Amino acid sequence: MIKQSDEVYVAKDANTTVSRGTVELLKSHARNTTRGRARLCLHQSSQEAVHEMVIVHPHGAYIPPHKHETKSETILILEGKCDYFIFSETGEIERKIALCTSSEGGAFLFRLTEPLYHSLLIRSEELIFLEITKGPFSREETKFAPWAPDAGSTEEVEKFHALLATWGA
């Protein structure tokens, strides 16, 4: 892995293998970052047509609700559990998809093809997943929900997570 930034690594080779050791190393790197996150980009450049990333997020990580106007997004759970939420344009929760590893017997993969606001609530100590989306990467193609809490507002994020945690219970 080649370190690109505090949280981002890129695979050394275009033809690469991800092993248990790779995941453990990525988890170790994540624990040493400010936000407890890390990702390994399997694609070599942000300009590639397909982006595949192994991502580590800690319990409590805030993924601001967002949507992609022109991209699909697939996530495959490698370790841990999460709830994948889909929201209306005005912020109402429309759907919750519980995701876990394939060995646990539940849904372990979700593909979102429509430009819908979505977010994750991490239910385990750590969540490790493979995300696949269309490239090239452009920040302008991700639209953050205007009704979502600001990442810097700890209290608002905690309230938002509490709402998600109890929705549908």
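The values are calculated or read from the model by the stated rules, or taken from the named source; none is laboratory data. All figures in this text were calculated on a predicted structure; none of them were measured in a lab. For neighbour counting, all protein chains shown are included, and Cβ atoms are generated from backbone atoms with ideal geometry for every residue, glycine included. Quick note on the areas: whole protein, heavy atoms, side chains included, nothing else; ligands and nucleic acids left out. Shrake-Rupley method; radii C 1.70, N 1.55, O 1.52, S 1.80 Å.
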(message) Using the Cα centre of the stretch 34-169 as origin and beta-carbon charges of +1 (Lys, Arg) and -1 (Asp, Glu), tell me which of 117, 50, 87 is placed farthest towards the positive end of the dipole.
(response) 50
(request) Multiply the residue separation of residue 90 and residue 144 by 0.36 nm, subtract the distance between their alpha-carbon atoms, and state the gained length in nm to one decimal. (result) 18.2 nm
(request) Grab the other residues whose beta carbon is less than 11 angstrom from that of residue 141, score K and R as +1, D and E as -1, and report the net. (result) +3
(request) Only loop residues by DSSP count here, and only those with at most 11 other Cβ atoms within 10 Å; note down the GluC sites (Glu not before Pro) in the stretch 126-169 that meet that. (result) none
(request) Can you spot the lysines whose alpha carbon is less than 27 Å from residue 67's alpha carbon? Ignore those fewer than 8 places along the same chain. (result) 27, 81, 96, 134, 143, 159
(message) Between the stretch 6-68 and the stretch 117-157, how far is it from one alpha carbon centroid to the other, in angstrom?
(response) 14 Å
(request) DSSP loop (so not H, G, I, E, B), at most 11 other Cβ within 10 Å: list which trypsin sites (Lys or Arg not before Pro) in the stretch 1-64 pass both filters. (result) 12
(request) Can you check what the net charge comes to around residue 122, using other residues whose Cβ is under 10 Å from the Cβ of residue 122 (Lys, Arg +1; Asp, Glu -1)? (result) -1
(request) Please give the per residue accessible area of the stretch 1-95, computed with a probe of 1.4 Å over protein heavy atoms only, in Å². (result) 50 Å²
(request) Using a 10 angstrom cutoff on alpha carbons, build the Gaussian network for the chain and name the most mobile of 19, 72, 28. (result) 19
(message) As a test of the formula, what do you get for the chain when each DSSP H run with n ≥ 4 contributes -39,500 (n - 2.57) and the sum is divided by the residue count, at 222 nm and rounded to the nearest 500 deg cm²/dmol?
(response) -4500 deg cm²/dmol
(request) Could you tell me what percent of the accessible area of the chain is made up of carbon and sulfur, with a 1.4 Å probe and every protein chain present? (result) 51 percent
(message) Counting other C-beta atoms within 10 Å, and keeping those with at most 15, which DSSP coil chymotrypsin sites (Phe, Trp or Tyr not before Pro) do you find in the stretch 117-147?
(response) 147
(request) Please compute the net charge surrounding residue 52, taking Lys and Arg as +1 and Asp and Glu as -1 over other residues with Cβ under 14 Å from its Cβ. (result) 0
(request) Return one quarter of the surface area of the convex hull spanned by the alpha-carbon atoms of the chain, equal to its mean projected area, in nm². (result) 9.8 nm²
